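J.: Mind looking over this structure? Questions follow.
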Amino acid sequence: MKHRLEIETMGKMKVAGPQYANGEITISGSKNSALPILAATILTDEKVILHNIPNLADVNTMIEILENTGKKVTWENSTLVIEKGEEKINSILPYGPVRKMRASFNVLGPLTIRNGYAKVALPGGCSIGVRPVNFHLEGLKKLGIESKIEHGYTNSKFTENNHQKKIHISLPFPSVGATEHLITTAVMLKDTETILTNCAQEPEIVDLCNFLISMGARIEGQGSSNIKIYGTDRLYGTEYTIIPDRIEAGTYAILGAILGGKVTLNNVIEDHLFSLLDIFEKLGIHYEFKNNTLIVSGISKMELTPVDVETSTFPGFPTDLQPQLMVLLSLIPGRSSITENVFKTRFNHVDELNRMGAKIFVESNTAIITGVTKLSGAPLEATDLRASAALLIAALAAEGETVINNVDHIFRGYEKLFDKLEKLNLSVEYFE
Ligand code: EPU
């Protein structure tokens with residue numbers, strides 16, 4: 001296999017600031033679309049060809065999981081070809097790859113339907129907050145999958161639900177992962193109509209549904225909070241191109257606002273970034289959309305107005321851009337705030353930004369941010385993917401030298417990072 005990126009030891013990044021961004025890059029395929037779509041390839045033995053797949057650590061973890069099930073996976077540039085292996089599909093998955101990434105849990109339902117049983121390690125803790133899987137397991141139970149948690153594994157059995165041809169599941173919260181997991185399982189329940197209410201409406205859910213439809217699934221309502229699935233017992237091979245990564249685009253748009261110059265981002269879907277662009281308008285940041293290209297201009301911080309932001313599910317402002325936005329708000333005169341409603345304790349980056357001279361105070365799930373005129377370089381600790389991106393932007397904006405320890409989290413979500421930074425005229429040094 002080509003292009004495999006393994007992260008076993010954590011590297012550091014050294015950044016000399018301040019730097020100014022100017023240039024043009026193309027946004028990669030969406031990580032959070034690629035992961036559930038790859039999990040859904042378990043539903044067929046036929047060949048699936050996926051285009052625009054980002055070569056990221058998390059995608060490679062999902063490939064490792066598919067290989068553990070017996071699939072043959074081959075990279076051809078940004079295309080992945082997934083084929084049936086020699087043996088029958090294996091539905092017992094070890095702790096190793098599953099522990100690395102929570103999205104791997106989404107293979108449980110499809111594997112249980114395929115083999116009648118599955119044993120998948122429970123994903124471990126996570127630095128952005130508590131991430132239980134109760135919505136997944138309760139929903140799967142309604143779909144006829146009984147699970148028992150024993151010795152760190154979920155042992156699941158599919159007891160064919162012969163009488164129930166209509167199943168209704170209402171999610172307690174519009175969880176992205178649970179919505180995806182339940183859709184991916186329900187599509188294979190022959191002669192069963194499943195209605196999911198209070199679903200997540202993220203573009204990645206729509207992408208997953210469009211992919212499943214291209215395999216022969218019948219799904220209605222994707223992109224709304226009610227989704228109807230008419231199950232079948234057979235899905236087919238397909239060729240599909242996944243959407244661009246709205247969180248990568250949003251990260252570079254925020255970087256452009258702070259460090260530009262003029263930053264041009266190709267392959268961006270405007271509707272997917274609406275909540276960020278709305279905040280840009282409130283702040284007074286200039287941007288322009290032409291076809292699928294977003295151009296962001298950095299302007300004088302003194303002209304900007306503070307804002308109060310709340311994260312929420314789509315179409316609200318995404319939690320995955322919260323740390324990056326916090327860097328921007330730290331540099332805007334006056335008092336801004338961010339209330340985190342999705343992962344209520346996702347504030348690991350706050351202490352690090354404060355070590356750079358930011359003035360952020362967290363009360364319950366709200367960060368109160370008093371703008372400062374500049375940040376100063378400091379040694380920092382990165383704790384998760386989006387916090388790493390935020391610290392990198394802060395380091396590029398800060399005066400003096402910053403060293404970001406444990407920075408490799410960033411490779412889980414930002415493809416060709418060094419290439420793209422270079423194209424934006426930015427330089428960083430990386431050490432193993
Ligand atoms: N939740 C439960 N029980 C469950 C599932 C979720 O209580 O069974 C709670 C979570 O604890 C959280 C909230 O529901 O408070 C939302 O979690 P959700 O299930 O929506 O998150 P996820 O599916 O685990 C995906 C993305 C995350 C992104 C969130 C929210 C993927 C692979 N991951 O996670 O992306 O933050 O949705 O939008 O799609 C990232 O890319 O950096 C990242 C963390």
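J.: Could you look through the range 384-399, keep only residues that are within 12 Å of the ligand (Cβ to nearest atom) and open to solvent by 10 Å² or more (accessible area, probe 1.4 Å), and pick out the one that is nearest to the chain's Cα centre (by Cα)?
T.: Going through the qualifying residues, I end up with 385.
J.: Still on this structure, please answer the following. So, in the range 152-164, how many residues would count as being surrounded by fewer than 22 Cβ atoms within 10 Å (Cβ to Cβ) and either within 12 Å of the ligand (Cβ to nearest atom) or within 27 Å of residue 409 (Cα to Cα) (or both)?
T.: Of the residues in the range 152-164, 2 are surrounded by fewer than 22 Cβ atoms within 10 Å (Cβ to Cβ) and either within 12 Å of the ligand (Cβ to nearest atom) or within 27 Å of residue 409 (Cα to Cα) (or both).
J.: If I ask for residues that are touching a Gly at 6+ places or on another chain (Cβ under 8 Å) and within 10 Å of the ligand (Cβ to nearest atom), which ones from the range 342-368 would you list?
T.: The answer is 343, 344, 345, 346.
J.: Residue under question is residue 223, and the condition is that it be in contact with a Lys or Arg (Cβ under 8 Å, 6 or more places away or on another chain) and either β-branched (Val, Ile, Thr) or modelled with pLDDT of 95 or more (or both); does it hold?
T.: Spelling it out, it is not the case that residue 223 is in contact with a Lys or Arg (Cβ under 8 Å, 6 or more places away or on another chain) and either β-branched (Val, Ile, Thr) or modelled with pLDDT of 95 or more (or both).
J.: If you check 172, 132, 123, which single one turns out to be within 30 Å of residue 348 (Cα to Cα), open to solvent by 80 Å² or more (accessible area, probe 1.4 Å), touching a helix residue (DSSP H, G or I) at 6+ places or on another chain (Cβ under 7 Å) and within 14 Å of the ligand (Cβ to nearest atom)?
T.: Numbers: 132 fails: touching a helix residue (DSSP H, G or I) at 6+ places or on another chain (Cβ under 7 Å); 123 fails: open to solvent by 80 Å² or more (accessible area, probe 1.4 Å).
Within the list 172, 132, 123, the selection yields 172.
J.: Given the residues 149, 167, 183, 195, which is the only one that is assigned to a strand (DSSP E or B), among the hydrophobic types (A, V, I, L, M, F, W, C), buried (at least 20 other Cβ atoms within 10 Å of the Cβ) and away from the ligand (no atom under 11 Å from the Cβ)? Quick ask: steps written out before the conclusion?
T.: Values: 149 fails: buried (at least 20 other Cβ atoms within 10 Å of the Cβ); 183 fails: assigned to a strand (DSSP E or B); 195 fails: buried (at least 20 other Cβ atoms within 10 Å of the Cβ).
Testing whether each residue is assigned to a strand (DSSP E or B), among the hydrophobic types (A, V, I, L, M, F, W, C), buried (at least 20 other Cβ atoms within 10 Å of the Cβ) and away from the ligand (no atom under 11 Å from the Cβ) leaves just 167.
J.: In the list 16, 40, 57, which residue meets the criterion of being aliphatic (A, V, I, L, M), at pLDDT 95 or above and within 16 Å of the ligand (Cβ to nearest atom)?
T.: 40
J.: Here's a follow-up. What's the total number of residues in the range 83-112 that are closer than 30 Å to residue 129 by Cβ, open to solvent by 20 Å² or more (accessible area, probe 1.4 Å) and either not assigned by TED's automatic domain parsing to the domain that holds residue 154 or not basic (Lys, Arg) (or both)?
T.: So the answer is 5.
J.: Additional query: Could you tell me whether the range 231-250 includes any residue that is among the acidic types (Asp, Glu), touching a helix residue (DSSP H, G or I) at 6+ places or on another chain (Cβ under 9 Å) and within 30 Å of residue 191 (Cβ to Cβ)?
T.: Yes.
J.: So residue 31 clears everything in (1) at pLDDT 95 or above; (2) out of contact with any Pro (no Cβ under 9 Å at 6 or more places or on another chain) except one condition, right? Which one?
T.: (2)
J.: Moving to a separate point now. Just one of 251, 264, 241 is open to solvent by 30 Å² or more (accessible area, probe 1.4 Å) and modelled with pLDDT of 95 or more; which is it? Let's see the steps before the verdict.
T.: Details: 251 fails: open to solvent by 30 Å² or more (accessible area, probe 1.4 Å); 264 fails: open to solvent by 30 Å² or more (accessible area, probe 1.4 Å).
One residue alone meets the criteria, 241.
J.: While we're here: Among the strands (runs of 3 or more DSSP E) lying completely within the range 1-109, list those that include at least 3 residues that are in contact with a Phe, Trp or Tyr (Cβ under 8 Å, 6 or more places away or on another chain) and more than 15 Å from residue 238 (Cα to Cα).
T.: 12-17
J.: For residue 63, indicate whether it is under 24 Å from residue 133 (Cα atoms) and open to solvent by less than 10 Å² (accessible area, probe 1.4 Å). Step through it out loud before you land on a result.
T.: Details: under 24 Å from residue 133 (Cα atoms): yes; open to solvent by less than 10 Å² (accessible area, probe 1.4 Å): yes.
When the stated conditions are applied, residue 63 passes them.
J.: Also, I was wondering about something else. In contact (Cβ under 8 Å) with a residue 12 or more places away in the chain, in contact with a Gly (Cβ under 6 Å, 6 or more places away or on another chain) and not in a helix (DSSP H, G or I) - does that describe any residue in the range 417-426?
T.: Yes - at least one qualifying residue is present in the range 417-426.
The values are calculated or read from the model by the stated rules, or taken from the named source; none is laboratory data. Here the structure is a predicted model, which is why all the values come from computation and not from measurement. So basically every Cβ, Gly included, is an ideal-geometry build from the backbone, and we count neighbours across all protein chains shown. These accessible areas exclude ligands, DNA and RNA; they are computed on the full protein's heavy atoms, side chains included. Shrake-Rupley method; radii C 1.70, N 1.55, O 1.52, S 1.80 Å.
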